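What follows is a short report on a single structure.
The values are calculated or read from the model by the stated rules, or taken from the named source; none is laboratory data. Please read all numbers here as calculations on a predicted model, not as lab measurements. Neighbour counts are summed over all protein chains in view; Cβ atoms, including those assigned to glycine, are modelled from backbone coordinates with ideal geometry. Side chains are part of the model used for accessible areas, which takes the heavy atoms of the whole protein and leaves out ligands, DNA and RNA. Shrake-Rupley method; radii C 1.70, N 1.55, O 1.52, S 1.80 Å.
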Amino acid sequence: MAHPLEQLGDEALREIQSAGDEQMLEAARVKYLGRSGSVSNWGEQMKTLPKEEKPIVGKLLNEVRTAVTNALESRAHQFRTQKESASLGKIDISLPGTPHEIGAIHPLTQMWERAIEIFRRMGFALADGPDIEDEWHCFDALNTPPEHPARSEKDTFYLPDGRLLRTHTSTVQIRTMQSTPPPLRVIAPGAAYRNEEIDATHAAQFHQIEGLYVDEDVSVADLKGTLEFFMRELFGRETEVQFRPHFFPFTEPSLEVYVKSKALKGGEKWIEVCGSGVVHPAVFEQVNKARGDKAYDPEKWSGFAFGLGMDRLAMILFDIPDLRLFAQNDLRFLRQFA
Ligand code: DAH
């Protein structure tokens, strides 16, 4: 006949195996291995046993305790894995994943970054000015008289209070000279607005990079060298640059800049990309008047300025046929530049 300890062990193992949940398992642990549990009690009883039985019963007791402990642990492990797979069961791993789309830089912004980087290398700092301007900064200070056609309602968006949306970034020339004495070397990228009939090459909002360089003895040669370098860095070494006489109220002489490059689509054509010129002394005088000093003395200082059409440059560089694509947010278009 089995020893009562063996019977107790079997009973304990059966009970552990049939424990339906963690509470029942814990009750079984207390019942057998707890401080006054029946297996533990056998340890006490050992003391009363005759000497020769002690080693046999002691060995048996150890075996039973180990078996019960292991059974408790493995049943607890079963409960844990059951719980885990129950919660995993709610996840359908056959569902498609959730993609995390990473955006890309807009082609116009890419264009700006390239242009700014080239001017930075030539020592130009960034300048800024507001999109909503007054007539003085947009026209008067730039030597543009009241009767000039650009000032009409037809071409300019006026606000009810008489202010306007700047028609060019040349306003930043004035603002920068008002706040900073010469010498000066700045570029100002930004938006400009005109009341245009919108088509593939005209928009009511477009983008320019204005440039202004004021120092002693600045000449047309500096202007030409700077813009030629810029165009070749942007469009490739083989790019040809041409300067044609033009008229702007705020420069004298004034030049329009054309480029031609075999690297570009339609590379046999001259394309106009920029207005430029030597800063008109009347502009310096206007700035002095506003500053209340003679900081921009036209006898001492001279300078050149330019305004690059950024949308135009991006259209040429990326071979984009229609200006409106820049603002339509069509991912099929934008993805091509990612
Ligand atoms: N502001 C002119 C325009 O929007 C472009 C321009 C011409 C800017 C000559 C200049 C310049 O700085 O010197 O058409």
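Summary of values
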item: Matching residues, segment 303-328, being touching a residue at least 24 places away in the same chain (Cβ under 8 Å) and in a loop (DSSP other than H, G, I, E, B); result: Asp319, Ile320, Pro321, Asp322
item: Near pairs, Cβ below 8 angstrom, 6+ apart or cross-chain, from segment 160-177 (within 20 Å of Leu126 (Cα to Cα) and hydrophobic (A, V, I, L, M, F, W, C)) to any residue that is assigned to a loop (DSSP other than H, G, I, E, B) and within 14 Å of the ligand (Cβ to nearest atom); result: Val172/Ala127; Val172/Gly129
item: Verdict on Glu252 being within 12 Å of the ligand (Cβ to nearest atom), part of a strand (DSSP E or B), open to solvent by 60 Å² or more (accessible area, probe 1.4 Å) and within 29 Å of Gly292 (Cα to Cα); result: yes
item: Members of segment 303-332 found to be in contact with a Pro (Cβ under 7 Å, 6 or more places away or on another chain) and surrounded by fewer than 19 Cβ atoms within 10 Å (Cβ to Cβ), listed by number; result: Phe318
item: Flag if Arg75 is in contact (Cβ under 8 Å) with a residue 24 or more places away in the chain, open to solvent by less than 60 Å² (accessible area, probe 1.4 Å) and part of a helix (DSSP H, G or I); result: yes
item: Selected residue (only one of Lys300, Lys289, Lys294, Lys269 is modelled with pLDDT under 95 and either part of a helix (DSSP H, G or I) or surrounded by fewer than 18 Cβ atoms within 10 Å (Cβ to Cβ) (or both)); result: Lys269
item: Qualifying residue in segment 159-178 (condition: of a type outside the set (Lys, Arg), away from the ligand (no atom under 13 Å from the Cβ), out of contact with any Gly (no Cβ under 6 Å at 6 or more places or on another chain) and under 20 Å from Trp301 (Cβ atoms)); result: yes
item: Residues located in segment 279-316, provided they are within 12 Å of the ligand (Cβ to nearest atom) and closer than 15 Å to Met177 by Cβ; result: Val279, His280, Val283, Gly303, Phe304, Ala305
item: Qualifying residue in segment 23-34 (condition: hydroxyl-bearing (Ser, Thr, Tyr), surrounded by fewer than 12 Cβ atoms within 10 Å (Cβ to Cβ) and either assigned to a helix (DSSP H, G or I) or touching a Lys or Arg at 6+ places or on another chain (Cβ under 6 Å) (or both)); result: no
item: Single unsatisfied condition, Gly275 versus (1) within 16 Å of the ligand (Cβ to nearest atom); (2) open to solvent by less than 20 Å² (accessible area, probe 1.4 Å); (3) in contact with a helix residue (DSSP H, G or I) (Cβ under 9 Å, 6 or more places away or on another chain); (4) not in a helix (DSSP H, G or I); result: (3)
item: Residues of segment 190-201 classified as under 30 Å from the mean Cα position of the chain (by Cα) and within 13 Å of the ligand (Cβ to nearest atom), total; result: 5
item: Glu210 within 13 Å of the ligand (Cβ to nearest atom), outside any loop (DSSP other than H, G, I, E, B) and acidic (Asp, Glu); result: yes
